[in-house]
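I have placed the structure first, in the form of structure tokens, so that the comments after it can refer back to it.
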Amino acid sequence: DIAKIKREKNTGTQDAHVRTTLDGVTAEELSRKTFPPLQWVIEGILPEGSYMLSARPKVGKSWLALQICVGVAYGEPVLSREVKPGIAIYLALEDNHRRLQSRLRKLRPLGYDTPSLRLYTKWRRFN
């Protein structure tokens, strides 16, 4: 918990991993940093990285995520924007292969057989 981490930090008993991952940065240090330009997966909307969609049930999160992944896998526009082609990993942890196949057929009726899209219906738990 936070109180324990603060006590350890004050007494110097934290392990190195906790120290390096929880130490902040001063505004002065941050003002001197330079960063490379963002690499956009969907131009102007989605920079590269890992994402989790969150919204009310039944608003289309799974469809949007799958549509983005298909766009990345094929280098095709998404939301009328340019897409950087690459490998896409889709965690469909509430779906099964039958449902994924059905959705992919709707999104790409002419075929979706690409090694650039990796779909998972099970994943290790994060502790």
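Taking amide H as placed 1.01 Å from N in the peptide plane, the amide H of residue 41 sits under 5 Å from that of 46, 48, each at least 5 places away or on another chain. Pairs over the 24 Å Cα-Cα cut-off, from the set 84/106; 61/122; 58/84: 58/84.
3J(HN,Hα) couplings calculated from phi for segment 51-59 with the Karplus curve 6.51 cos²θ - 1.76 cosθ + 1.60 (θ = phi - 60°) are, in sequence order, 9, 10, 8, 9, 5, 4, x, 6, 9 Hz; Gly and Pro show x. Here the accessible area is traced with a 1.4 Å probe on the protein chains. For segment 46-101, carbon and sulfur cover 53 percent of it.
The values are calculated or read from the model by the stated rules, or taken from the named source; none is laboratory data. Since the structure is predicted, the reported quantities are computational estimates derived from the model, not experimental observations. Please note that ligands, DNA and RNA were not included when accessible areas were found on the heavy atoms of the full protein model with its side chains. Shrake-Rupley method; radii C 1.70, N 1.55, O 1.52, S 1.80 Å.
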